[in-house]
Amino acid sequence: MNSELDDSAINASLFPSDSSYCTHYFRALGHCRNEIKKRLRMALSIPHEDIFLLSNSTHCLLTVLHGLSAQSRTLSIEAGCYHPYRMLPQPSYGQSIPLITHISPDSGNVACIHQKAVVVDAAQSIGVVCHHSEAFSADVVFFPLHKHLALQTGVGVLCVRKRYEYETVRKTAQIAESGTVNNVVLQALLERLTTKPLLFNIAMFSLTPAQAESLTMLGFEPVTQLYSQTPFLVVKTSSGHLLPEYLVNNFSLKMLDANHWRISCYIPGTLDSPPKECASLLINVLRSKL
């Protein structure tokens, strides 16, 4: 058998005998990875020189953190970052690079990216028609593919500019990406990238002062800032248990705590599609039920 593998590399019993992965796993995997990166670059207009496919956003973040530490640098957790990131170690040595959560999943508030030399958690902005391009203005960006892109679970994307100050991040990411992965996941991702033309979420909440006042009078005080142009809205309510009954047919809902809910909307489109405003629908549904 003309094989690049033996059972000490990957046990052949893991694959059907007629599968190319049985004898040429790494070759087939490398081809699949390269094709996914090429299609992601085109579909999402990724400007970064290097794209790495890791297992999720956390994997991406820890890879960046470890890569920076090789140059005695670390991340500074900026205000508004996703709250679990506050548990990350904060060494006092060397230079720190800001870590920014572009759109907070806890509040819906949008952080401005004022400089390129930042690391951006773009989990809630990549694939979001109003904020997608701004997220890529940072030197280092990471995001999953299972949120607003609706492509695949179990894959995180790390994008890094090819600059000297990120050389150790890029080398660390190359190691983190290497090795065996679930080829079924990557094949499914490649299939969706090939057949799914509408990758962007064009749903948008962009509350006006009048809409915010209407929601507050209905018992749902907005936490998300006005004119946010985000695909979800966080509200505070003392009657949160009623939300699913009212809204589940039009929106997806997440209870953040006893008094706070995240109300999301998903409408597929392209990066050039005009956004669809959802606040009016939310207010009308609430009024019809109250």
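Among Pro268, Tyr227, Val169, whose Cα projects farthest towards the positive end of the dipole of the chain, with charges put on the beta-carbon of Lys, Arg (+1) and Asp, Glu (-1)? The residue sitting farthest along the positive end of the dipole is Tyr227.
When the alpha carbon gyration tensor of region 203-289 is reduced to an equivalent ellipsoid, its three semi-axes come out at 20, 14, 12 angstrom, largest first. Using a Gaussian network model of the chain in which every pair of alpha carbons under 10 angstrom is joined by a spring, one finds that among Ala203, Ala188, Ala135 the greatest mean-square fluctuation is at Ala188. Once you list every other residue whose beta carbon is under 13 Å from the beta carbon of Cys81, what net charge do they have if Lys and Arg are +1 and Asp and Glu are -1? Within the 13 Å Cβ shell, the charges total -2. When each full DSSP H helix of the chain is screened for a Cα extent of at least 30 Å along its own axis and an average Kyte-Doolittle hydropathy of at least -1.0, the helices passing are 20-44. Residue farthest toward the positive end of the dipole of the chain, with Cβ of Lys/Arg at +1 and Asp/Glu at -1: which of Ser72, Ser125, Ser57? Towards the positive end, the residue furthest out is Ser125. The charge dipole of region 12-195, taken about its Cα centre with unit charges on the Cβ atoms of Lys, Arg (+1), Asp and Glu (-1) only, comes to about 280 debye. When +1 charges are put on Lys and Arg Cβ atoms and -1 charges on Asp and Glu Cβ atoms, the dipole computed for region 95-225 relative to its Cα centre reaches about 500 debye. Here Ile126, Ile175 are placed in order of increasing Cβ neighbour count within 10 Å, fewest first, which gives Ile175, Ile126. Relative contact order of the chain, taken over Cα pairs closer than 8 Å and 6 or more residues apart, is 17 percent. The H on the amide N of Leu199, modeled in the peptide plane, is under 5 Å from the matching H of Gly269, each at least 5 residues off or on a different chain. Projecting the Cα positions of Ser104, Leu190, His24 onto the charge dipole of the chain (unit charges on Cβ atoms of Lys, Arg, Asp and Glu, taken about the Cα centre) puts Ser104 furthest along the positive direction.
Helical runs (DSSP H, four residues minimum) scored at -39500 (n - 2.57) apiece and divided by the length of the chain put the mean residue ellipticity at 222 nm at -9500 deg cm²/dmol. Taking 7 Å steps out from each Cα toward its Cβ at Val184 and Gln71 produces label points 4.0 nm apart.
Taking the DSSP bridge list for the chain and keeping only pairs wholly inside it, about 65 percent are antiparallel.
Measuring nothing but alpha carbons in region 129-178 and taking Rh as the Kirkwood radius, the Rg to Rh ratio lands at 1.02.
With neighbour counts taken as other beta-carbon atoms within 10 Å, the residues Met87, Met255 rank, fewest first, as Met87, Met255.
Ranked from largest, the principal axis spans of the Cα set of the chain equal 72, 50, 35 Å.
None of the figures in this text is laboratory data; all of them are computed from the coordinates on show. Note that the structure is a prediction, hence the values are computed from the model and not measured. Glycine gets a Cβ as well: all are built from the backbone with ideal geometry, and neighbour counts include every protein chain shown.
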